[in-house]
Amino acid sequence: MAERKPEWPEPGDLVIATIETVTDYGAYAKLDEYNKRGLLHVSEISSSWIRNIRDFVREGQKVVLKVLRVDLEKGHIDLSLRRVTKREKIEKIKVWKQDRKAETLLRNVAEKVGLPTEEVYAKAGAVIEENYGLYEGFEKAVKEGPEALTKIGVPENFAKAFASVAEERIQVKRVKVKGTLEIRCIKPNGVKIIKDAFLNAKKAEKTKDADVRFYVIAAPKYSVEVLAENYKRAEEVLQRVSQSVVSNVVKAGGRGTFRREK
């Protein structure tokens, strides 16, 4: 939220700015996050020779700039485009977009609980931002549920509202890994043994951050898939699930093998 930002940026800060006016000696830009205006001198636009400033910046363009100097007494802010690396630009835009989305999500929470946005931030958003970052807090609520917020001191009613909004509005990207299980059990109750092995393995790994799925290829072959937020977590769950299925079937007098698919 805007009120959480300091009034002025610090030298070295990266800022999102909108080019307002282009002149022969540079450009004036509005700092979107601070509602201030700064000067981007022609010498700070590019390291290469500039024939026409508008080949580099133009009115209405959104740019990532670096703050060089801040004169509070005069109200002047000097900016640079040429000192912003490609990586810094990508990271700043990503964070800026997340901050804007977090503000929208916070307003959604406020509507859900029937309170002003500022009050929701004061009672819950501030502690979430301090511990996780506001947008990251919404993501954790999607992956882990309201418990991820209540454990850091967020009141339960707010935690549930945050989790509900997050589930509605955020789609967490997941990776998928899979393998093939070959399971046999010739005992009279073999079908039940195999079915229970799958059910128990899936139940044991029932968590917010991983989804386990089984498919019949053609008995005795079964496909197992795991969706999780990263490959390390997905591989851990895949190995545990497959080992659980094979182990339970073998203990009951059957046979089983697992093969990881590329």
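What follows draws every value from the coordinates through simple rules; no lab data is involved. Computed from a predicted model, the values in this text were never measured in an experiment. Using ideal geometry, Cβ is built from the backbone for each residue, glycine included, and neighbour counts are taken over all protein chains shown.
Points to keep in mind about this one:
- A Förster radius of 22 Å combined with the Cβ-Cβ distance from S48 to T85 puts the calculated FRET efficiency at roughly 0.90.
- Filter on K36/K62; K94/K160; K36/K94 - keep pairs with C-alpha separation over 19 Å: K94/K160; K36/K94
- Kirkwood hydrodynamic radius of segment 115-262, from the reciprocal of the average inverse Cα-Cα distance over all distinct pairs: 17.3 Å.
- Of all aspartates and glutamates in the structure, the ones whose alpha carbon falls short of 20 Å from that of K206, not counting any fewer than 8 places away in one chain, are E139, E144, E147, E167, D196, E225, E229, E235, E236.
- Computed from Cα atoms, the angle from the helix 190-204 axis to the main principal axis of the chain rounds to 30 degrees.
- Using a cut-off of 22 Å between Cα atoms, the listed pairs K221/K251; K176/K202; K151/K178; K151/K202; K66/K86; K112/K202 include K151/K178; K151/K202; K112/K202 as exceeding that distance.
- Compared with the dominant principal axis of the Cα atoms in the chain, helix 156-169 is inclined by about 90°.
- Cβ-to-Cβ counts within 10 Å put F138, F162 in ascending order as F138, F162, the fewest first.
- Crossing angle, helix 134-144 versus the chain [Cα axis fit, 0-90 degrees, rounded to tens]: 10 degrees
- Residue pairs, from the table K187/K232; K97/K262; K101/K143, whose Cα atoms sit over 26 Å apart: K187/K232; K97/K262
- The sum of -39500 (n - 2.57) across all DSSP H runs of n ≥ 4, divided by the residue count of the chain, sets its helix-only mean residue ellipticity at 222 nm to -12500 deg cm²/dmol.
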